[in-house]
Amino acid sequence: MMERQAVGARAGVRAVWTFLMAVGLVGGWCATQVYRRHRNLYFLGIAHAAIGFLLFVTVPDSISHHLNIGPGQLHRLHAHRAIQ
């Protein structure tokens, strides 16, 4: 039960961009499985940084939108739509 809530919360934060939501859902599930087995936050932190960097480098900006999330991204999204 807690695993599903953690995965859902992780994907919900990224709901602005479908790509990040899908990656967050899969990544969150994998992270909870790794944590349940090994209980090592250092490994999860390093893996999160490495995977984030690889996604930033390999996925085009038209899909990833520079991997921006949070309230600042919502502000930039509304400002961009107002200009168009």
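The values are calculated or read from the model by the stated rules, or taken from the named source; none is laboratory data. Since we're looking at a predicted model, the values are computed, not measured. Positions of Cβ are backbone-derived with ideal geometry, glycine not excepted, and every protein chain shown enters the neighbour counts.
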Residue that is modelled with the lowest pLDDT [pool: residues in region 43-84 that are closer than 16 Å to residue 17 by Cβ and not in a helix (DSSP H, G or I)]: 70
Complete set of residues in region 29-52 that are surrounded by 15 or more Cβ atoms within 10 Å (Cβ to Cβ) and either under 23 Å from residue 62 (Cα atoms) or among the polar types (S, T, N, Q) (or both): 32
